[in-house]
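Read-outs: derived from the displayed coordinates by stated rules, not from any lab. The shown structure was predicted, so the numbers you read here are calculated from the model rather than taken from an experiment. Every residue, glycine as well, gets a Cβ built from its backbone with ideal geometry; the counts of neighbours run over all protein chains shown.
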Amino acid sequence: MLGIVVSAALGILPIAISAPFGALLMIFSGCLAWRDATNALSAQVILIVAASLALGVALTETGGADYLAKLFLAIVGGTSPTFVISGLMLLMGILTNIVSDNAAAVIGTPIALSWLLPTMCGIK
């Protein structure tokens, strides 16, 4: 486990590669039983993550994320940055009551980036 954490922390391997590789090493070395590893997986969590990723791809590919970003910015775009960020946080808080946290993050990221990048770069 220490090797997994160190390799990810030092940037030798990305965490997405080192964590599954480390889990496999733990199973093959006998530190972790296969049954315990499979019992730790939750089908509900896996489905939520997969559905959220699919929703994010669908919103991005269809232009829905850009539409939501433009709509949000049309409402609060001319106000202070504090108000824009507060409005975005309120929107994300409401969305997490309707869809999963992951889906809300997928929806909120393009909205935040469409406001944040032009603001930080001085582009109007």
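Rounded to the nearest 10 degrees, the angle from helix 43-62 to the longest Cα principal axis of the chain is 40 degrees. Other residues whose C-beta falls under 13 angstrom from the C-beta of residue 55 contribute a net charge of -2, scoring Lys and Arg +1 and Asp and Glu -1. For the stretch 86-103, 3J(HN,Hα) computed residue by residue from phi via the Karplus equation (6.51, -1.76, 1.60; θ = phi - 60°) reads 5, x, 5, 5, 5, 4, 5, x, 5, 4, 5, 7, 9, 10, 5, 4, 5, 5 Hz, glycine and proline entered as x. Between residue 44 and residue 113, residue separation times 0.36 nm minus the direct Cα-Cα distance comes to 21.9 nm. Extension gain, residue 62-residue 99: 0.36 nm per intervening residue step, less the Cα-Cα distance, totals 11.4 nm. For the chain, averaging the sequence separation of C-alpha pairs within contact (under 8 Å, six or more residues apart) and dividing by the residue count gives a relative contact order of 23 percent. Label separation (residue 9 vs residue 75): 4.3 nm, computed from points 7 Å beyond Cα along the C-beta direction.
Its residue count N sets the reference 2.2 N^0.38 Å, and the alpha-carbon radius of gyration of the chain equals 1.44 times that reference. Per-residue ellipticity at 222 nm from helix content only, as computed over the chain with -39500 (n - 2.57) for each DSSP H run of at least four residues, stands at -27000 deg cm²/dmol.
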